Amino acid sequence: MPKRRRASDDFDSPWKDALHHFLPAFLGFFFADIHADVDWSRGYESLDKEFQQIVRRAEVGKIFADKLFKVWLRDGSETWILIHVEVQGEPEERFPGRMFDYNSAVRRLYNHDVVSLAVLCDDDPEWRPTRFTYGRWDCRMELTFRVAKLLDHEEKRAALEASANPFAMVVQGHLDAIATRRNPEARKSRKFDLIKALLRSRLPKDDVRQLLRLIDWMMTLPDLLDEVFRNEVHRYEEENKMEYLSTFERAGFKKGHEEGHAVGRKEGHEKGREEGREEGREEGMREGILELIELDLDTRFSVAGRRMMKKVKTLPDLAALRQFARFLKKAATIQDVRGYFA
């Protein structure tokens, strides 16, 4: 059996965000026939509270990058769509069973049918599960579900770059993030190319801002490279007279933008830029240090090292992360690492 390699847990949140903001684009990109059947003039509803209740009450295990939506079809009927994003680096035997558990939990708790879709982000071209079944003595239970495979788009870069569908940019960001996991310099270069393409696109400004934030979230960089990257982006924006100055200040953008309406556009933008820089820089530094620690643990201790990332992520602040990173350089065995958290 091949060694299992988990993708970074950082992908869960960006995918949830992407599905929330770009559901029509997502379905149009991966499941065009479903997109065509939906009456998008009625909008769609995210059923996050319902799904959280399903997970708690049905005890179906860890919630991954899953979203539950209510949509209306062109014939007027209501349909629930459960979308599961499997962000692991390798196939998992239990995955079809988890699809069944989630689907049956919706049915059991809400007496509502649900359509199950999955996006597979692994690197095995042969792994394409579409059903879960069990039974004996002519009694059988089965779930058939549809899947989309990110790997299928790896060789379609020209089509991705030419696509007018905003979700094509999410797919590019994820593929580039996986391809450059062990090469931060290459990641910075690819990330900058994606950002420039997005800034030059004709997408609505709100879509551009959301996608910039998602790509920044997916393709995290070590803190020093991150600082260089952000300076390059701001310089590019200024040279091309673009108005996305607070794009990468994740935490500070919303606050600065809202205060800008109250105290004046210019003053508000400056405040949003400054506050966003500070909070965004701290967030980026934390993610960068976590990525370096994960790489070190993975390289030196393989599966046992990767399992320690749950403990590492409980460290409360940047100072604690830096202290652990210094310790890790001197740790000789995985037992030493475990002892740090004992």
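The values are calculated or read from the model by the stated rules, or taken from the named source; none is laboratory data. Since the model is a prediction, treat every value here as computed from it, not as a measurement. Neighbour counts run over all protein chains shown; Cβ positions are idealised from the backbone, glycine included.
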Next on the checklist: Condition check: outside any helix (DSSP H, G or I) and out of contact with any Pro (no Cβ under 6 Å at 6 or more places or on another chain). Does R182 satisfy that?
Outcome noted: yes
Checklist outcome for this item: Scanning the range 163-198 residue by residue, those over 13 Å from D216 (Cα atoms), of a type in the set (A, V, I, L, M, F, W, C) and surrounded by fewer than 18 Cβ atoms within 10 Å (Cβ to Cβ) turn out to be A164, A179, A186, A197
Next on the checklist: Give me the helices (runs of 4 or more DSSP H) completely within the range 226-342, filtered to those with at least 2 residues that are modelled with pLDDT of 80 or more, ordered by residue number.
Outcome noted: 265-307, 309-312, 318-330, 334-340
Checklist entry - Can you find a residue in the range 166-176 that is farther than 19 Å from L120 by Cβ and of a type in the set (F, W, Y)? => result no
Next on the checklist: Which count do you get for residues in the range 137-174 that are within 23 Å of V115 (Cβ to Cβ) and in a strand (DSSP E or B)?
Outcome noted: 9
Checklist outcome for this item: The one condition Q210 fails out of (1) closer than 24 Å to A25 by Cα; (2) at pLDDT below 80 is (2)
Checklist entry - Has the range 87-109 got at least one residue that is on the phi > 0 side of the Ramachandran plot, without any contact (Cβ under 8 Å) to a residue 24 or more places away in the chain and either assigned by TED's automatic domain parsing to the domain that holds D48 or part of a helix (DSSP H, G or I) (or both)? => result no
